[in-house]
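Below: the structure, in structure tokens.
The values are calculated or read from the model by the stated rules, or taken from the named source; none is laboratory data. It should be emphasised that the depicted structure is a prediction, and the values quoted were computed from it without experimental measurement. When we count neighbours, we look across all protein chains shown, and the Cβ atoms used for this are built from the backbone with ideal geometry, even at glycine.
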């Protein structure tokens, strides 16, 4: 889908120049954080595997940008862009990857396996990180969204009496092509469809489930056709066209918030590196990688900003420098933080112990647009 000229009625038409630049910033920051993680990985400072989202940053940012501040996200290992967009401080990511004692999981889990459970009245998102049993995040997302809908429904009586009714919290979950073949995925999707739950699922066709091509995963032509079995709306979109992705995501998020039920977005994209840094992806044809390198989402979106006149080369260059510097400084802070204290390894395991409520620190982006929701944050 071409984004060089806005089409009438597209949700992205309502985005200001500042918001359009902010989307680029989040995608660039996600890439720079991962570039810095590669350096740390080669210095043996990253514990465990390192998973890149190279080539997929755009769809993670664009889908998340359609949400509101208090919505719930369930990202997977290649959705770094989603975490940047809701305002998770990069320091939190570096702590996790280095298993620091100050990390969200207190060094007990790695990469973006983070959780944030806000206070009931807090203006913060719910975050549930990747579940290692891939596919299981979909029924969890359905449960979060169903609980939010029940909470909103309970205020109906108060709303009738003139009090404000809770705005429905929408849940958004990402899933890879391979994980759509699991039983848990189908059970969660069917439940969400039947119960008309405010859930938007982003199914990523990034061409390989580890080393298995998508043609070995499903006989259908498009990943979004999975949704037809559940009787819910679905649409396939060019996952490397950020505004096209935003348009579809905004449509389905608004539909979910209007109590019209679940939906599924299929994104056509490409995993530009192996499953993790230990995987050289020799099973991927070079011609395929060369083809998708020309579709880089950041390069395409930069061109859109320039052609629409909403940013100059100088402004984009400044965003690039800002993101690179910020990622580097956050990494330097994390390197010097302590590893877990072995004396409290059992904290929270046994009855009677205090339970560490998982929380992350949020920061605001440099782009204060004045728009309510996700787009009003600044760096600390």
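Data overview
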| item | result |
| --- | --- |
| Where residue 113 falls short, out of the listed (1) surrounded by fewer than 22 Cβ atoms within 10 Å (Cβ to Cβ); (2) under 21 Å from residue 141 (Cβ atoms); (3) modelled with pLDDT of 95 or more | (3) |
| Residue ranges of helices (runs of 4 or more DSSP H) in the stretch 134-225 with at least 2 members in contact with a strand residue (DSSP E or B) (Cβ under 7 Å, 6 or more places away or on another chain) and modelled with pLDDT of 95 or more | 137-153, 183-194 |
| Hey, residue 281 touching a helix residue (DSSP H, G or I) at 6+ places or on another chain (Cβ under 9 Å), within 21 Å of residue 209 (Cα to Cα) and either in a loop (DSSP other than H, G, I, E, B) or free of Cβ contacts under 8 Å to residues at least 60 places away in the same chain (or both) or not | yes |
| Qualifying position, being touching a helix residue (DSSP H, G or I) at 6+ places or on another chain (Cβ under 6 Å), modelled with pLDDT of 95 or more, farther than 30 Å from residue 103 by Cβ and in a helix (DSSP H, G or I), among 250, 324 | 250 |
| In the stretch 4-38, the residues that are farther than 30 Å from residue 254 by Cα and out of contact with any helix residue (DSSP H, G or I) (no Cβ under 8 Å at 6 or more places or on another chain) | 38 |
| Count of the stretch 253-269 residues which are surrounded by 23 or more Cβ atoms within 10 Å (Cβ to Cβ) and part of a loop (DSSP other than H, G, I, E, B) | 2 |
| Residue 287 being farther than 30 Å from residue 170 by Cα, modelled with pLDDT of 95 or more and not in a helix (DSSP H, G or I) | no |
| Unique match (being loosely packed, with under 15 Cβ neighbours inside 10 Å and closer than 30 Å to residue 13 by Cβ) among 307, 337 | 307 |
| Any hit, the stretch 304-317, residues being in contact (Cβ under 8 Å) with a residue 12 or more places away in the chain, more than 20 Å from residue 18 (Cβ to Cβ) and either in contact with a helix residue (DSSP H, G or I) (Cβ under 6 Å, 6 or more places away or on another chain) or not in a loop (DSSP other than H, G, I, E, B) (or both) | no |
| Single residue of 33, 46, 61 found to be at pLDDT 95 or above and within 18 Å of residue 302 (Cα to Cα) | 61 |
| Single condition residue 240 does not satisfy, out of (1) modelled with pLDDT of 95 or more; (2) over 19 Å from residue 60 (Cα atoms); (3) buried (at least 18 other Cβ atoms within 10 Å of the Cβ) | (2) |
| Candidates 332, 280 - the one that is under 24 Å from residue 111 (Cβ atoms), loosely packed, with under 13 Cβ neighbours inside 10 Å and at pLDDT 95 or above | 332 |
